1. Quick one: Leu170 ticks every box in (1) surrounded by fewer than 16 Cβ atoms within 10 Å (Cβ to Cβ); (2) not in a strand (DSSP E or B) except a single one, so which number is it?
2. Have a look at Thr85, Thr147, Thr92 and point out the one that is of a type in the set (S, T, N, Q), touching a residue at least 24 places away in the same chain (Cβ under 8 Å) and over 25 Å from Gly14 (Cα atoms).
3. Here are some conditions: (1) within 27 Å of Asn38 (Cα to Cα); (2) in contact (Cβ under 8 Å) with a residue 24 or more places away in the chain; (3) surrounded by 13 or more Cβ atoms within 10 Å (Cβ to Cβ). Leu72 meets all but one. Which one does it not meet?
4. Cβ-Cβ under 7 Å, sequence separation 6+ or interchain: first residue in the range 160-179 and touching a residue at least 60 places away in the same chain (Cβ under 8 Å), partner in a helix (DSSP H, G or I) and of a type outside the set (Phe, Trp, Tyr). Which pairs?
5. Scan the range 15-34 for residues that are surrounded by 16 or more Cβ atoms within 10 Å (Cβ to Cβ) and either free of Cβ contacts under 8 Å to residues at least 12 places away in the same chain or not polar (S, T, N, Q) (or both) and jot them down.
6. Among the residues of the range 109-120, which ones are under 19 Å from Arg151 (Cβ atoms) and surrounded by fewer than 17 Cβ atoms within 10 Å (Cβ to Cβ)?
7. Report yes if Leu72 is among the aliphatic types (A, V, I, L, M) and over 26 Å from Asn177 (Cα atoms), otherwise no.
8. Which of (1) at positive phi; (2) of a type outside the set (A, V, I, L, M, F, W, C); (3) loosely packed, with under 13 Cβ neighbours inside 10 Å; (4) touching a Ser or Thr at 6+ places or on another chain (Cβ under 9 Å) is the odd one out, the single condition Glu97 does not satisfy?
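The values are calculated or read from the model by the stated rules, or taken from the named source; none is laboratory data. This one's a predicted model, so the numbers in the text were calculated from it and none came from an experiment. For neighbour counting, all protein chains shown are included, and Cβ atoms are generated from backbone atoms with ideal geometry for every residue, glycine included.
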Amino acid sequence: MVIRNSKLVDAENGRFTVLDMVTLQLSGPFVWQGKDINEDKARGSAFFAFEPDDPNETKVSVATITVADVTLDPSEPDVSTLNQTDVSTIDTYLRSEIQKQVSLAGDEIGHWMGSHLNQSEQIKGLVTAYTLQEFEKVTQYIDLRITIGGRKLFLNGNFDISKKDQLAGLVYGVLRNVVVDLR
């Protein structure tokens with residue numbers, strides 16, 4: 001399968017670009033495998049982390065990083081117009097929509113930690129954190145929504161909570177250090 005939405009730009013440091021606008025660094029000790037996302041309302045890439053020496057060869061990912069342009073999705077909020085008073089309403093909406101989606105797969109929200117609007121001089125981001133009970137495992141999700149240059153971007157990091165000591169810092173670090181360039 002040919003991957004078209006992302007490119008490896010620095011193999012030594014594990015840097016990738018997605019849609020030529022978001023740069024992220026995926027580091028070890030995991031093996032990362034990418035997959036394009038090409039849906040009506042979302043384009044981007046998902047990167048799956050696998051244990052390098054999986055003795056059971058289960059090939060089940062332990063973490064995922066997703067970057068998608070969701071500009072064409074009217075249900076995605078335009079974060080550039082949000083202020084702190086909007087967050088509660090958006091949080092309720094997101095929780096309801098996520099619950100609908102995960103229910104279809106037979107999963108359920110475990111712990112909802114809510115949404116927070118983070119703002120710097122350059123960018124405003126809506127961060128939403130929650131856990132899902134998926135079959136027999138619990139997965140931590142961190143969603144980041146940003147709007148920049150008229151583009152709505154959705155970034156997600158998730159990991160198997162039973163491996164949080166080795167994965168939480170990695171996933172948070174990837175999301176915290178993305179670079180967006182919409183030239």
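1. All conditions are met except number (1).
2. Numbers: Thr85 fails: touching a residue at least 24 places away in the same chain (Cβ under 8 Å); Thr92 fails: touching a residue at least 24 places away in the same chain (Cβ under 8 Å).
Exactly one residue qualifies, and that residue is Thr147.
3. If we test Leu72 against (1) within 27 Å of Asn38 (Cα to Cα); (2) in contact (Cβ under 8 Å) with a residue 24 or more places away in the chain; (3) surrounded by 13 or more Cβ atoms within 10 Å (Cβ to Cβ), just (3) comes out false.
4. As it stands, the answer is Asp160/Leu167, since those pairs meet every condition given.
5. Arg15, Phe16, Thr17, Val18, Leu19, Met21, Val22, Leu24, Leu26, Phe30, Trp32, Gly34, listed by residue number.
6. Of all residues in the range 109-120, those under 19 Å from Arg151 (Cβ atoms) come to 117-120.
Asn118, Gln119, Ser120, listed by residue number.
7. Numbers: among the aliphatic types (A, V, I, L, M): yes; over 26 Å from Asn177 (Cα atoms): no.
No: the conditions fail for Leu72.
8. (1)
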